[in-house]
Ligand code: EPZ
């Protein structure tokens, strides 16, 4: 069955190593397409989104191989420029191949990307930016063709709001365009920094890395490199909040602590003791959890939207009333109904706000995941709940967590697939 079984109610003790970052490795895989050479990418998480991206790269002629968690991408010979099928519609991050394909071949046809049920997920900013760089977009029946009659032209682009994916596409197009591209209001997430560092190591010239204004000089030749993907801050945050929900004492090896300040701040506000070392994060929590009077998800370095569901699960048994505002996506509260089945008391106020009134404990039952991070939140709730919890639709969770049962078993949880 496509489910996870958890017998909860016990504190977590132990240590687990944090996998490589999903949201960093996917744009890096797309960037490898720009390099007519071989790239060796270390610390890649073995997750379904990466396998889907691998299939997309192979479908256009790349040769991709694995050795444990090291991915080798040979993009010397690519064959054609049409992408379609489930791998594109089933995975939103395939949109990052748009900028890479335009940079490499000047043309690509793809289906509109799919994605989670967390919001409309438009790509208007991606397409408008590429149009400004000289790309023509032809839309038809759920697909579109993007084509540059001549080389893309660097220009000044200003995003109305911060967008991780749109920033990634402009970076990928910009390194191959003629001239300089200035991107204002660029996203500053760590995954953008990783993409820029990968491209810079391969020969690109990008200034302002980590800031909201990126200056990308096109036309520099790119060469194959060996590169290591940083640990996944959202996976680390998921496990950090888990022990706050259950109580216990855990160590998260390799956790990217510098990228987790907002999560650590929220964890300490709830009552956890956090010790950051050069090797990772040590988290100690007892059964006393304080409510968080108000927390709003924000762009980096604010509290990440991907941690909103895991946080909500933990706050269901905090002492007091917590208010969570989801400011990034318009429909990211699917977990509420499932947590209520477990005994949580949550009032949703419109699409963007939830009021969580702490209860003594959750009770295990069968719940259903509808998207990746909501699913992770339900696993946390299962670890907290008395009795057995069955989280259905494990496949959503496997999009981003290499082996969530392995990791939780390392932390002493009674958990299995089934
Ligand atoms: C990336 O999605 C991540 N996915 C998401 O993680 C993450 O939640 C999100 O960034 C925000 O940090 C990957 O990196 C693969 P956005 P992305 O463009 O790029 C609106 C997970 O669980 N927008 O920054 O799609 C959009 O609707 C996933 O790992 C437009 O209006 O996010 C949203 O409201 C979930 N027009 C806001 O911007 C556009 O053209 C931020 O979206 C593009 C975006």
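The values are calculated or read from the model by the stated rules, or taken from the named source; none is laboratory data. Every value quoted in this text rests on a predicted model; they were computed, and no experiment measured them. For neighbour counting, all protein chains shown are included, and Cβ atoms are generated from backbone atoms with ideal geometry for every residue, glycine included.
Where the second residue is modelled with pLDDT of 85 or more and within 6 Å of the ligand (Cβ to nearest atom) and the first is closer than 24 Å to residue 398 by Cβ and lies in region 110-125, which pairs have Cβ atoms under 8 Å and are six or more apart or on separate chains?
Within 8 Å, the pairs are 112/123; 113/123; 116/372; 118/329; 119/329.
Taking interchain pairs and intrachain pairs at least six residues apart, which have beta carbon atoms under 7 angstrom, with the first residue in region 219-234 and at negative phi and the second more than 14 Å from the ligand (Cβ to nearest atom) and part of a helix (DSSP H, G or I)?
Partner pairs satisfying both residue conditions: 225/201; 227/198; 227/201.
Scan region 345-363 residue by residue and report those that are buried (at least 22 other Cβ atoms within 10 Å of the Cβ) and over 19 Å from residue 331 (Cβ atoms).
362 - this is the single residue of region 345-363 that is buried (at least 22 other Cβ atoms within 10 Å of the Cβ) and over 19 Å from residue 331 (Cβ atoms).
Go through (1) under 27 Å from the mean Cα position of the chain (by Cα); (2) more than 10 Å from the ligand (Cβ to nearest atom) one by one and return the number of the condition residue 150 breaks.
(1)
Please count how many residues of region 194-233 are in a helix (DSSP H, G or I), closer than 30 Å to residue 63 by Cβ and in contact with a helix residue (DSSP H, G or I) (Cβ under 9 Å, 6 or more places away or on another chain).
5
Among the residues of region 329-352, write down those that are assigned to a loop (DSSP other than H, G, I, E, B) and more than 22 Å from the chain's Cα centre (by Cα).
Hits for region 329-352 are 342, 343, 344, 350.
Within region 105-116, is even one residue part of a helix (DSSP H, G or I), touching a strand residue (DSSP E or B) at 6+ places or on another chain (Cβ under 8 Å), at pLDDT 65 or above and within 14 Å of the ligand (Cβ to nearest atom)?
No, that holds for no residue.
Given the options 326, 398, name the one that is in contact (Cβ under 8 Å) with a residue 24 or more places away in the chain, within 17 Å of residue 292 (Cβ to Cβ), within 16 Å of the ligand (Cβ to nearest atom) and under 23 Å from the mean Cα position of the chain (by Cα).
After ruling out the rest, the residue left standing is 326.
Tell me, yes or no, whether region 135-153 has at least one residue that is closer than 19 Å to residue 26 by Cβ, assigned by TED's automatic domain parsing to the domain that holds residue 76 and at pLDDT 95 or above.
So far as region 135-153 goes, no, none of its residues is closer than 19 Å to residue 26 by Cβ, assigned by TED's automatic domain parsing to the domain that holds residue 76 and at pLDDT 95 or above.
For region 163-208, what are the residues that are touching a strand residue (DSSP E or B) at 6+ places or on another chain (Cβ under 7 Å), at positive phi and more than 16 Å from the ligand (Cβ to nearest atom)?
Scanning region 163-208 gives 179, 208.
Those residues that are over 18 Å from residue 15 (Cβ atoms) and in contact with a helix residue (DSSP H, G or I) (Cβ under 6 Å, 6 or more places away or on another chain), I need them from region 264-287; list them, please.
Once the filter is applied, which keeps residues that are over 18 Å from residue 15 (Cβ atoms) and in contact with a helix residue (DSSP H, G or I) (Cβ under 6 Å, 6 or more places away or on another chain), region 264-287 yields only 270.
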